[in-house]
Amino acid sequence: MGKWEVSETSHFLGQLLLRSMDRAVALYESMELRGFHGEFYYAEKAYNKLVSWGYVIFWVSVFILMRTCSVIVLLGRMFV
């Protein structure tokens, strides 16, 4: 393996820079085609805290029920 000369290194770095710039331009153009115009717009957080707490309470109670009772036996009693 020989050493790289300065001209080879500069040629490699120049090509790398040009490819990176071309790829960046292509990426930005594809973002513009999808509706990006330089800023990100975020939706405001609009959720009902009561519904969220209800969801948590429901699943915690389901897990406690499954841990303390035999769910298979309860399901069997429903259908027999």
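The values are calculated or read from the model by the stated rules, or taken from the named source; none is laboratory data. Everything numeric here is computed off the predicted structure, so don't read it as measured data. Positions of Cβ are backbone-derived with ideal geometry, glycine not excepted, and every protein chain shown enters the neighbour counts.
Can you confirm whether ALA24 is among the aliphatic types (A, V, I, L, M) and either touching an Asp or Glu at 6+ places or on another chain (Cβ under 9 Å) or not in a helix (DSSP H, G or I) (or both)?
Working: among the aliphatic types (A, V, I, L, M): yes; either touching an Asp or Glu at 6+ places or on another chain (Cβ under 9 Å) or not in a helix (DSSP H, G or I) (or both): no.
Answer is no for this residue.
Here are the criteria: (1) of a type in the set (Gly, Ala, Ser); (2) surrounded by 10 or more Cβ atoms within 10 Å (Cβ to Cβ); (3) within 28 Å of the chain's Cα centre (by Cα). Tell me which single one ALA43 does not satisfy.
Of everything listed in (1) of a type in the set (Gly, Ala, Ser); (2) surrounded by 10 or more Cβ atoms within 10 Å (Cβ to Cβ); (3) within 28 Å of the chain's Cα centre (by Cα), ALA43 misses just condition (2).
State whether one or more residues within segment 2-19 are at pLDDT 90 or above and of a type in the set (Gly, Ala, Ser).
The answer is yes, given that some residue of segment 2-19 is at pLDDT 90 or above and of a type in the set (Gly, Ala, Ser).
On the given criteria, is PHE36 surrounded by 10 or more Cβ atoms within 10 Å (Cβ to Cβ), outside any helix (DSSP H, G or I), hydrophobic (A, V, I, L, M, F, W, C) and under 27 Å from the mean Cα position of the chain (by Cα)? Full working, then the answer.
Numbers: surrounded by 10 or more Cβ atoms within 10 Å (Cβ to Cβ): yes; outside any helix (DSSP H, G or I): yes; hydrophobic (A, V, I, L, M, F, W, C): yes; under 27 Å from the mean Cα position of the chain (by Cα): yes.
Spelling it out, PHE36 is indeed surrounded by 10 or more Cβ atoms within 10 Å (Cβ to Cβ), outside any helix (DSSP H, G or I), hydrophobic (A, V, I, L, M, F, W, C) and under 27 Å from the mean Cα position of the chain (by Cα).
Would you mind stating whether MET78 is aliphatic (A, V, I, L, M), in a helix (DSSP H, G or I) and either touching a Pro at 6+ places or on another chain (Cβ under 6 Å) or modelled with pLDDT of 90 or more (or both)?
On the way: aliphatic (A, V, I, L, M): yes; in a helix (DSSP H, G or I): yes; either touching a Pro at 6+ places or on another chain (Cβ under 6 Å) or modelled with pLDDT of 90 or more (or both): no.
So MET78 does not fit the description; no.
Give the number of residues within segment 50-65 that are of a type outside the set (Phe, Trp, Tyr) and within 24 Å of the chain's Cα centre (by Cα).
Taking segment 50-65 first, the residues of a type outside the set (Phe, Trp, Tyr) are 50-52, 54, 56-57, 60-62, 64-65.
Okay, now just the ones that are also within 24 Å of the chain's Cα centre (by Cα), so 52, 56.
The number of residues fulfilling the criteria is 2.
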